[in-house]
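For reference, the structure is listed below as structure tokens.
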Amino acid sequence: MYDFTIIGGGIVGLSVGKALLERFPNAKVLLLEKEKTLASHQTGHNSGVIHSGIYYKPGSFKAQFARKGSQSMTEFCQRYNIEHDICGKVIVATKEEELPLLDNLFDRGLQNGLNIKKIDSDRLKEIEPHVKGLGAIHVPMAGIVNYKQVSEAFATIIKENGGEVKVFEEVTNIKETNDGVFIDTNNATYQTNMLINCAGLHSDRIARMTGYATDTKIVPFRGEYFKLKPEKRGLVKNLIYPVPNPNFPFLGVHFTRMIGGEVDAGPNAVLSFKREGYRKTDFNIKDFAEVMSYGGFWKLASKYMKEGLDEMARSFSKKRFVESLQELIPEITEDDLVPAPAGVRAQALKADGSLVDDFHIIKGKKSIHVCNAPSPAATASIEIGKYVVNQIPEQTHLREASVGGF
Ligand SMILES: Cc1cc2nc3c(=O)[nH]c(=O)nc-3n(C[C@H](O)[C@H](O)[C@H](O)COP(=O)(O)OP(=O)(O)OC[C@H]3O[C@@H](n4cnc5c(N)ncnc54)[C@H](O)[C@@H]3O)c2cc1C
């Protein structure tokens, strides 16, 4: 019998595991991951940016956890010698009509307590010589890291402190009873006092398996990338972002210097016909049918028809993709870019067609479900882990640590 069992070995599940052992040092903690390696899905396919928290609605979980989380992530990387770089980023307005949106974003950043600066095109040229913009925001506290490495460090901490991390364990059925939660996997049945669902792209299914009909469904959005050819990496010094569409939860195609030195361009956002579908041709009938039969999807599709079609066009035409990138760096050409691996975002969608903007965590009788943890959840993972663990009531049979943390 375990005290706590986590489903999902992405950065959120692993952070929850670490936070559990920080609070309850003698607890029996188990983490189940269906893949052969940890961080195989969203966590291992992201842009690797430590977000500052500028974009998010003041007071939201995203705003609070990104701001605090970027600091705790940086401290964690320093403590555990994980390569990272607080290199700063620029958010660039390239058209007149984007200037008021840039102003709004700047105000939002100030409301979120960030020390950011508005800069003119001359200063922008000093920071990013190849970018052409009318004005920009400089966000010095943004940075880069490899979240797979962070996840591995979380897993090591869990194991060194007595927790178990099991891979190749796909959860297939769950029964929540007064005596605990029974979790069936492809290999065994595990009994636990409490279940924590951090299953990312499958989190809604795990919640339903446990008996909680959430009012949302996960819709997978693939984000496709290109990489700059090595001889063209000099076009980008650090992180270059456009002004995002305020009605859309995605940030627009941007340039990201990765911690290994490569430069990624992307991601776009297209509906994926498979929850873990990384190629355009990937298709899963169950995943596809679930989206197509969901009223919320059709309401969303009709509201964002133009944006959706634009994204599709960018997906099928490199020329269109590059045209978006040229708005930021005019001298970039199709020839400078080669295709790079895609990622798939788990985005919760409500039945009324609205996207769940904030992190969304629900509590069951003997379970907690992280139902929406899109970007910046990697940045915010340490804070999400702490928050989830703080939702757990006192466990009379378990000792609680008074101070400290890993
Ligand atoms: C393209 C892209 C770019 C992004 N860029 C950034 C960024 O720059 N900065 C940032 O902060 N965030 C970014 N994000 C968001 C961030 O990557 C995610 O929010 C974060 O990784 C979510 O972590 P997770 O642990 O919830 O999910 P995941 O990493 O998806 O982990 C969930 C795990 O659950 C496992 N699982 C699912 N079902 C089962 C089951 N039945 N049994 C057992 N295991 C199961 C899966 O195999 C998976 O390993 C980006 C995301 C994407 C896709």
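Among Asn372, Asn268, Asn178, which one moves the most in a GNM of the chain with springs linking Cα atoms closer than 10 Å? Its mean-square fluctuation being the largest, the pick is Asn178.
Among the listed pairs Lys227/Lys319; Lys148/Lys227; Lys118/Lys306; Lys57/Lys89, those whose Cα-Cα separation exceeds 24 Å are Lys118/Lys306.
Would you kindly calculate the translational diffusion coefficient of region 81-126, applying Stokes-Einstein with the Kirkwood radius from alpha carbon pairs, for 4 °C and a viscosity of 1.567 mPa s, and quote it in µm² s⁻¹ without decimals? In µm²/s, the coefficient is 105. Taking Cβ atoms as reference points and 12 Å as the exclusive limit, the residues near Leu14 contribute a net charge of +1, counting Lys and Arg as +1 and Asp and Glu as -1. Bridging of Lys286 to lysines at a Cα separation below 21 Å is possible for Lys34, Lys217, Lys274, Lys299, Lys350, once same-chain residues fewer than 8 apart are set aside. Summary of the geometry: region 226-289 and region 1-71, compared by the centres of their Cα atoms, lie 22 Å apart. Of the GluC sites (Glu not before Pro) found in region 54-119, those that fall in a DSSP loop while having at most 11 other beta-carbon atoms within 10 Å are Glu83. Normalised by the number of residues in the chain, the mean separation of alpha-carbon contacts (under 8 Å, six or more apart) gives a relative contact order of 25 percent. Going by accessible surface with a 1.4 Å probe and the largest first, Arg79, Arg233, Arg320 read Arg79, Arg320, Arg233. Loop-located GluC sites (Glu not before Pro) in region 304-390 (DSSP state other than H, G, I, E, B) with a sparse environment of at most 11 neighbouring Cβ atoms within 10 Å: Glu331. Accessible surface calculations at 1.4 Å, restricted to protein heavy atoms, place the chain at 43 Å² per residue. Ranking Gly162, Thr94, Leu110 by Cα position along the charge dipole of region 88-216, where only Lys, Arg, Asp and Glu carry charges on their C-beta atoms, puts Thr94 farthest toward the positive end. Within straight-line reach of Lys18, meaning a Cα separation under 19 Å, sit the following aspartates and glutamates at least 8 residues removed in sequence or on another chain: Asp3, Glu33, Glu75, Glu152, Glu160, Glu164, Glu383, Glu394, Glu400.
Other residues with beta-carbon under 12 Å from the beta-carbon of Asn161 carry, at +1 per Lys or Arg and -1 per Asp or Glu, a net charge of +1. At 37 °C and 0.692 mPa s, grab the translational diffusion coefficient of region 250-358 from Stokes-Einstein with a Kirkwood Rh over Cα pairs, rounded to a whole number in µm² per second. Answer from the Stokes-Einstein relation: 212 µm²/s.
With the helix formula -39500 (n - 2.57) applied to DSSP H stretches of n ≥ 4, the chain reaches a computed 222 nm mean residue ellipticity of -9000 deg cm²/dmol. Between Phe226, Phe359, Phe316, the residue with the greatest mean-square fluctuation in the GNM of the chain (Cα pairs under 10 Å linked by springs) is Phe316. Per residue, the Cα convex hull of region 106-198 amounts to 222 Å³. With all protein chains in place and a 1.4 Å probe, the accessible surface of the chain carries 51 percent carbon and sulfur. Using a Gaussian network model of the chain in which every pair of alpha carbons under 10 angstrom is joined by a spring, one finds that among Asp358, Asp335, Asp287 the greatest mean-square fluctuation is at Asp335. Dimensions of the chain along the principal axes, based on C-alpha atoms and rounded to the nearest Å, stand at 64, 48, 37, largest first. For the chain, the share of DSSP beta bridges that are antiparallel, to the nearest 5, is 70%.
Shape class of region 47-189 from the Cα gyration tensor (axes a ≥ b ≥ c, square roots of the eigenvalues): prolate, since a/c reaches 1.5 or more and a/b is larger than b/c.
Centroid-to-centroid, using Cα positions, region 108-145 and region 322-340 are 21 Å apart.
The values are calculated or read from the model by the stated rules, or taken from the named source; none is laboratory data. Keep in mind that this is a model prediction, so the values were computed, not measured. Cβ: placed from backbone, ideal geometry, glycine included. Neighbour counts: every protein chain shown. Heavy atoms of the whole protein, side chains included, go into the accessibility calculation; ligands, DNA and RNA do not. Shrake-Rupley method; radii C 1.70, N 1.55, O 1.52, S 1.80 Å.
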